Amino acid sequence: MKHDETNCPTGRNVAAWFLAVAILADIPTPVMAQQFSADLVARKDQAISTLGTLHVAGQKARIEATALPDGFFLIDAARPVAHFVRPGAHVFMDARQSSRLTQMFVPVDPDDPCRQWQAFAQLAAPLDPATWRCQRDGTDSVAGRSTDVYRVTAPSDAGFVGWIDRARRFPVQVRIADGTLIAADHIRDEPQPAHLFEIPAGIRKFDPQALIRRIQQSDVWVAPPASQ
């Protein structure tokens, strides 16, 4: 019997064939991790400035901030962790409060983004849940796409409003307390190389507490005078 290749899904047609069969059979299909890159741009009054570039793949993000040209931030919402990596110095460290971008531009669950935002706020500094609040504030359109709007209230002007693109599972713009609007501009939906989200081999973690302990044990350490 002659094999009819026209009815056999092969090569690049396999994925499309499987998707069509799954839809017709009402079979759940796996959610593909959104991958994209963008420019981070700040706008206030008439001024526009470039803050850096953004790369996202699933629950991981990389922020290259123009203000910190010797390194980049790596964010993993699944763990959650945020690091600042300095390849030239062969070190990385916890991001903490080195940039507010790592507390706002993080991958989120579009049905409960407050959970991720609160986790990264806690990573940056001790957080009193009673003074940190997050709630949905309607919908809006950003660059022609529907977004869910959330309002975060926090002490010390750390609150913000975030617009979440549900398909990309990411806040595509935020407005901070002083009115500055920070947006992911010129979004490019495209695969991101896996190495962008990895700490380079041979880099050690910088521990400031360990450095303080070493200084205290050295001859240069002078203990502070006892309080009277």
Complete set of residues in region 189-211 that are within 19 Å of the chain's Cα centre (by Cα) and either more than 27 Å from residue 58 (Cβ to Cβ) or loosely packed, with under 13 Cβ neighbours inside 10 Å (or both):
189, 190, 191, 193, 194, 195, 198, 200
Just give me the residues in region 39-64 being open to solvent by 10 Å² or more (accessible area, probe 1.4 Å), of a type outside the set (D, E, K, R) and under 11 Å from the mean Cα position of the chain (by Cα), in sequence order.
55, 57, 58, 59
Filter result for residue 169 (open to solvent by 60 Å² or more (accessible area, probe 1.4 Å) and more than 22 Å from residue 197 (Cα to Cα))
no
Apart from one, (1) touching a Phe, Trp or Tyr at 6+ places or on another chain (Cβ under 9 Å); (2) modelled with pLDDT of 95 or more all hold for residue 41; the odd one out is (1)
So, in region 124-158, exactly how many residues are in contact with a helix residue (DSSP H, G or I) (Cβ under 8 Å, 6 or more places away or on another chain), modelled with pLDDT under 95 and outside any loop (DSSP other than H, G, I, E, B)?
2
Quick one: how many residues across region 174-188 are open to solvent by less than 30 Å² (accessible area, probe 1.4 Å) and in a strand (DSSP E or B)?
4
Within region 65-116, tally of residues that are assigned to a loop (DSSP other than H, G, I, E, B), closer than 20 Å to residue 40 by Cβ, open to solvent by 60 Å² or more (accessible area, probe 1.4 Å) and in contact (Cβ under 8 Å) with a residue 12 or more places away in the chain:
7
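Go through region 61-91 residue by residue and tally those that are in contact with a Pro (Cβ under 9 Å, 6 or more places away or on another chain) and within 18 Å of residue 205 (Cβ to Cβ).
Selection size over region 61-91: 8.
The values are calculated or read from the model by the stated rules, or taken from the named source; none is laboratory data. What you see is a predicted model, and the numbers here were worked out from it, not measured in a lab. Every residue, glycine as well, gets a Cβ built from its backbone with ideal geometry; the counts of neighbours run over all protein chains shown. To get the accessible areas, we keep the full protein, side chains included, count just its heavy atoms, and leave off ligands, DNA and RNA. Shrake-Rupley method; radii C 1.70, N 1.55, O 1.52, S 1.80 Å.
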